[in-house]
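Trainee: One structure, pasted below without further comment.
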Amino acid sequence: MSMPSMSATLAGNVKPMKVDAGPLGSVYVTGVLSGMAMYESNFAFPDEHRFMADVTNGQVVVQKVDGPIQFYAEGGAYSLPVVGVPYLRAGHATDLNFGGLPVWFVKYAANDSLSVQAGDLPTLIGAEYAFTFQNVNIQRGLIWNQENVVNRGVQANYTKGPLALSLAWSDGFFSNRYSWLTGSATYTIDSSNSITFDAGGSINTETVSSFATPLLQNNSTIYNLYASHTSGPWTFMPTLQYTTVPSDSKIGTTKELNTFGGGLYGIYAMDGGYSVAGRVEYIRSNGDPSDPSLLYGGGSKAWSFTITPTYQNKFFFARAEFSYVKINSGVAGAMFGPIGSSDSLTRLMLETGIIF
């Protein structure tokens, strides 16, 4: 299955359940059931405790992958853990983010090179995917937290030789206001090297705000550049990100705000289903403490380190994770802990489950 997209340390079922759906043809059913246990040094939300356990994924995927008319539907419960961000339990995360059917679309495949799809789509922005099982780390990173995740819209895809292009018109950060234009271009140099540039942003000022639709980010423009290099058991992915929010009284900004971030992801694959993934990131925002916050207050800076050893045997997987976030410069009340005054956050996590 080409969807859901997955990174290198976990693999989907290579022999998914095949159902004869009559006039629809062959339909494939896959899914994931996983949970986690976590310790963290500072916590703030009522949902959080120093020691926690929760479901990370309870999802089923139904898809048709051949013929001119195809479809994809991914439904169930999920949490979206991110380093440096309070953890929200799966029940609340599902309700407050994208609901019980977070990703679905209908796709028209004109030929092997050209397709068009419409629905609730995975974003074209960024090097990390939405759900834990799709990524090499359990938690997504500081850079990911500036990006949209799922958007309603329509997307065109074109491939020719080593070049893959996608262009989408969508509602950005799930705002239900169609004002975002997003594009992605990937050039595969050879079997070991590729480079991707993606960009997206709002072309109108939108004042919609909710848990899934942060006001500033929904009016931002995002640029990402990242590459992938594989050498033997090693894979490296350096990435750069720049975001900008305009000065606009409608969204409460009196100057242009921006963030700049960079990261390096590394994976070492071993025999027997074992692997280790690591991530180092740095991000900073401009502005003064009185400015609206894109990070940990105006003018804040932070870095993070994450390492995730993983084991997978057929359907079963288990992985542990250590993450550390340090705020080099932040605003009291916008950092970690019950009153937002702590400048570091350490987490230990264990996630296990099945991908069927």
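Trainee: Given (1) more than 23 Å from SER175 (Cβ to Cβ); (2) among the small types (Gly, Ala, Ser); (3) surrounded by 20 or more Cβ atoms within 10 Å (Cβ to Cβ), identify the lone condition not met by ALA93.
Mentor: (1)
Trainee: Could I ask something else about it? Of GLY141, GLY99, which residue is open to solvent by 10 Å² or more (accessible area, probe 1.4 Å) and not polar (S, T, N, Q)?
Mentor: One residue alone meets the criteria, GLY99.
Trainee: What are the residues in the stretch 120-137 that are over 30 Å from PHE322 (Cα atoms) and open to solvent by 10 Å² or more (accessible area, probe 1.4 Å), if any?
Mentor: Just the residues of the stretch 120-137 that are over 30 Å from PHE322 (Cα atoms), to begin with: 120-121.
Answer for the stretch 120-137, where residues must be over 30 Å from PHE322 (Cα atoms) and open to solvent by 10 Å² or more (accessible area, probe 1.4 Å): just ASP120.
Trainee: Sticking with this structure for a sec: Across the stretch 8-28, which residue is surrounded by the fewest Cβ atoms within 10 Å (Cβ to Cβ) among those that are closer than 30 Å to SER275 by Cβ and among the polar types (S, T, N, Q)?
Mentor: Just the residues of the stretch 8-28 that are closer than 30 Å to SER275 by Cβ, to begin with: 8-18, 28.
Subsequent filtering for residues that are among the polar types (S, T, N, Q) retains 9, 13.
Details: THR9: 24, ASN13: 18.
Here the answer is ASN13.
Trainee: Among the residues of the stretch 61-98, write down those that are over 19 Å from SER34 (Cα atoms) and among the hydroxyl-bearing types (Ser, Thr, Tyr).
Mentor: The answer is TYR72, and nothing else.
Trainee: Evaluate the stretch 106-113: report whether one residue or more is of a type in the set (Lys, Arg) and buried (at least 23 other Cβ atoms within 10 Å of the Cβ). Walk me through it before giving the result.
Mentor: First, pick out the residues of the stretch 106-113 that are of a type in the set (Lys, Arg): 107.
Applying the additional criterion that residues be buried (at least 23 other Cβ atoms within 10 Å of the Cβ) yields none.
No, the stretch 106-113 has no match at all.
Trainee: Output the strands (runs of 3 or more DSSP E) that fall wholly within the stretch 4-70 and possess 2 or more residues being within 28 Å of MET335 (Cβ to Cβ), or say none.
Mentor: Working: elements: 17-20, 26-40, 51-64.
It comes to 26-40, 51-64.
Trainee: Could you give me the residue pairs with C-beta distances under 9 Å whose first residue belongs to the stretch 73-87 and is on the phi < 0 side of the Ramachandran plot, whose second residue is open to solvent by 10 Å² or more (accessible area, probe 1.4 Å) and of a type in the set (Lys, Arg) wherever it lies, and which are 6+ apart or on separate chains?
Mentor: Listed pairs, sorted by first residue: SER79/ARG89.
Trainee: If you don't mind, there's one more thing I want to ask. Hey, any hits in the stretch 141-152 for a residue that's hydrophobic (A, V, I, L, M, F, W, C), modelled with pLDDT of 95 or more, closer than 23 Å to GLN70 by Cα and touching a strand residue (DSSP E or B) at 6+ places or on another chain (Cβ under 6 Å)?
Mentor: Checked the stretch 141-152: at least one residue is hydrophobic (A, V, I, L, M, F, W, C), modelled with pLDDT of 95 or more, closer than 23 Å to GLN70 by Cα and touching a strand residue (DSSP E or B) at 6+ places or on another chain (Cβ under 6 Å).
Trainee: Taking the stretch 75-91 only, how many residues are within 20 Å of GLY340 (Cα to Cα) and under 13 Å from the mean Cα position of the chain (by Cα)?
Mentor: Of the residues in that region, 3 qualify.
Trainee: So, in the stretch 29-52, exactly how many residues are in contact (Cβ under 8 Å) with a residue 60 or more places away in the chain and surrounded by 16 or more Cβ atoms within 10 Å (Cβ to Cβ)? Lay out the reasoning, then the answer.
Mentor: Our first condition is that a residue be in contact (Cβ under 8 Å) with a residue 60 or more places away in the chain; within the stretch 29-52, this holds for 30-44.
Next cut, surrounded by 16 or more Cβ atoms within 10 Å (Cβ to Cβ) only: 30-36, 38, 40, 42-44.
Residues meeting the conditions: 12.
Trainee: Separate question: For the stretch 255-264, give me each residue that is open to solvent by less than 30 Å² (accessible area, probe 1.4 Å) and of a type outside the set (A, V, I, L, M, F, W, C).
Mentor: ASN258, THR259, GLY261, GLY262, GLY263
Trainee: Additional query: Could you please find all residues in the stretch 53-86 being touching a Leu at 6+ places or on another chain (Cβ under 7 Å) and either of a type in the set (S, T, N, Q) or surrounded by 21 or more Cβ atoms within 10 Å (Cβ to Cβ) (or both)?
Mentor: If we filter the stretch 53-86 for residues that are touching a Leu at 6+ places or on another chain (Cβ under 7 Å), which is where we start, we get 57-58, 64, 73, 75, 79, 83-84.
Within the stretch 53-86, ASN57, SER79, VAL83, GLY84 qualify.
Trainee: Okay, next question. State which residue is farthest from TYR178 (Cα to Cα) when the search covers only the stretch 76-122 and only residues that are part of a strand (DSSP E or B) and of a type in the set (Val, Ile, Thr). Before the answer, list the steps.
Mentor: Filtering the stretch 76-122 down to residues part of a strand (DSSP E or B) leaves 76-78, 82, 103-109, 114-122.
Among the residues that remain, those that are also of a type in the set (Val, Ile, Thr) are: 82, 103, 106, 116.
On the way: VAL82: 26, VAL103: 17, VAL106: 18, VAL116: 17 Å.
For the stretch 76-122, the residue satisfying everything is VAL82.
The values are calculated or read from the model by the stated rules, or taken from the named source; none is laboratory data. Note that the structure is predicted; figures quoted are calculated from it, not measured. All Cβ positions, even for glycine, are placed from backbone atoms using ideal geometry, and neighbour counts span all protein chains on display. Heads up: the accessible areas ignore ligands, DNA and RNA and are worked out on the full protein's heavy atoms, side chains in. Shrake-Rupley method; radii C 1.70, N 1.55, O 1.52, S 1.80 Å.
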